[in-house]
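The values are calculated or read from the model by the stated rules, or taken from the named source; none is laboratory data. All of these numbers come straight from a predicted model, not from anything done at the bench. Positions of Cβ are backbone-derived with ideal geometry, glycine not excepted, and every protein chain shown enters the neighbour counts.
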Amino acid sequence: MTRTFEGRETRVSLVESFIDATASAHAVAVIFSANPIHDTGGGQRSAQLALELLARDWCVCFVSRGEVTETVDLGLRYPYPLLVQASLGDFLTALRGGALDETLDRHRVLLVTQIPVAEWLPVIRRVGRHGGVYVYDCVDRWDSELGYGWYRIRAERRVARASDMLVASAPALARHLEELTGRPAHLLPNAFNSKIFRMGAGTARPSDFPEGNAVALYVGGLWRGCLDWDLVSQTAEALPDIRFVFVGDHRGEGGSLPPNCHFLGLKAQSDLPGYLSHARAGFLPWCSDSVTQATSPLKIYEFLAMGLPVVTPALESLRGIPGVVPASSPDAFIAAVETLVRDGVDGPTRKAMSAFTAQNSWVNRVDELIRWAGEVPSRPEEPRIVAWLRGFGT
């Protein structure tokens, strides 16, 4: 049975799949995301929340407002029995028709919204009437290029004020929500998937990984304006013996870079440990502006979980994290990359990195979210999704 719904002929399947999935689920969540669950190689925050809830035998209805943003289709679809995927239009149609009311009555739904658009307000009201808990999860500064064409501050204010709980991924976003609503917001930074990222995972060297040990790695979006390509060029020119590797959907960005820069394309999140295992350091060549200062770079947590230190701009959300080396100028950035690739980090820092990652998995984050929602977290001893994910190749 298909779990992705586009067009009138499959709307009945959406309703039937949702009812069927909730029947055997421990609990129910609806996550409203910008894009489908398999976008960005399956690595986005909304997908990580969904996968962790699925690992607890929750039914997750994953609703996406937009289409896939990547130019490469990795074939990821996550056809898990407790996962129902729907477009915004199809979900709204099913909700308006009342076909989901009986199911909503039987379960106290956790509704997590990341996209603050007015079209979603009827969902918030409907779930609230059925006793659900509504969370507005603010993950970006939408009043930037990220929300171009659709963002309206009035709509975000209404979506935020209607929430039972406010959550933000970065301190700047928490302050934004508090100014918008006059209410406190919980800080819930990004994290790493402990089922994928762990020391010793991905020990085989990927065939497209450059030769040699002096490799600095970047993983993430390349198209966003936050990438400082001048800084990349300066760093690569200053350190010609280091290979700078970029993993992400490459659309021609970073033209005229030195020959020690390598673009490997988009990878599934489950493939990333192999790349992280064979790099000496990570690097985050971002500009420092109002948009990046309002981010919690998810890949940083995955790097640290694999024992990889990272050079970054001086971001508030990363302050004080062991293994993260902030650089406030191009010269400092270049020097930090050179030092990490050559020497790595000392024993106490590596020990602190390990202790930090032990507390910053998506398991811990979802525990916090569920507690804030007034529920008691539970973790099945043998979650069904673990065996399924292995068989699916993630």
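Tabulated data
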{"item": "Filtered residues of the range 349-370 (kept if more than 29 Å from residue 135 (Cα to Cα) and charged (D, E, K, R))", "result": "350, 351"}
{"item": "Sole residue being part of a helix (DSSP H, G or I), buried (at least 20 other Cβ atoms within 10 Å of the Cβ) and modelled with pLDDT under 90, chosen from 104, 51", "result": "104"}
{"item": "Candidate set from the range 224-259 (those that are within 22 Å of residue 272 (Cα to Cα) and surrounded by fewer than 19 Cβ atoms within 10 Å (Cβ to Cβ)); member that is modelled with the lowest pLDDT", "result": "224"}
{"item": "Qualifying residue in the range 91-99 (condition: modelled with pLDDT of 95 or more and of a type in the set (A, V, I, L, M, F, W, C))", "result": "no"}
{"item": "Residue in the range 160-185 that is surrounded by the fewest Cβ atoms within 10 Å (Cβ to Cβ), counting only those that are touching an Asp or Glu at 6+ places or on another chain (Cβ under 8 Å) and touching a residue at least 40 places away in the same chain (Cβ under 8 Å)", "result": "171"}
{"item": "The listed residue being under 28 Å from residue 195 (Cβ atoms) and without any contact (Cβ under 8 Å) to a residue 40 or more places away in the chain, out of 248, 252, 265", "result": "248"}
{"item": "Residue check, residue 212 touching a residue at least 12 places away in the same chain (Cβ under 8 Å) and small (Gly, Ala, Ser)", "result": "yes"}
{"item": "Those residues of the range 292-339 which are under 20 Å from residue 222 (Cβ atoms) and among the β-branched types (Val, Ile, Thr), in sequence order", "result": "292, 295, 300, 310, 311, 312, 337"}
{"item": "Qualifying position, being in a loop (DSSP other than H, G, I, E, B) and touching a helix residue (DSSP H, G or I) at 6+ places or on another chain (Cβ under 7 Å), among 94, 86, 99", "result": "99"}
{"item": "In the range 117-140, residue farthest from residue 100 (Cα to Cα) [restricted to those that are in a helix (DSSP H, G or I) and charged (D, E, K, R)]", "result": "119"}
{"item": "Candidates 338, 316, filtered to the one that is surrounded by fewer than 24 Cβ atoms within 10 Å (Cβ to Cβ) and over 25 Å from residue 143 (Cβ atoms)", "result": "338"}
{"item": "Residue among 129, 152 that alone is basic (Lys, Arg) and at pLDDT below 95", "result": "129"}
{"item": "Matching entry among 43, 128, 132 (being out of contact with any helix residue (DSSP H, G or I) (no Cβ under 9 Å at 6 or more places or on another chain) and in the same structural domain as residue 179 (by TED's automatic domain parsing))", "result": "128"}
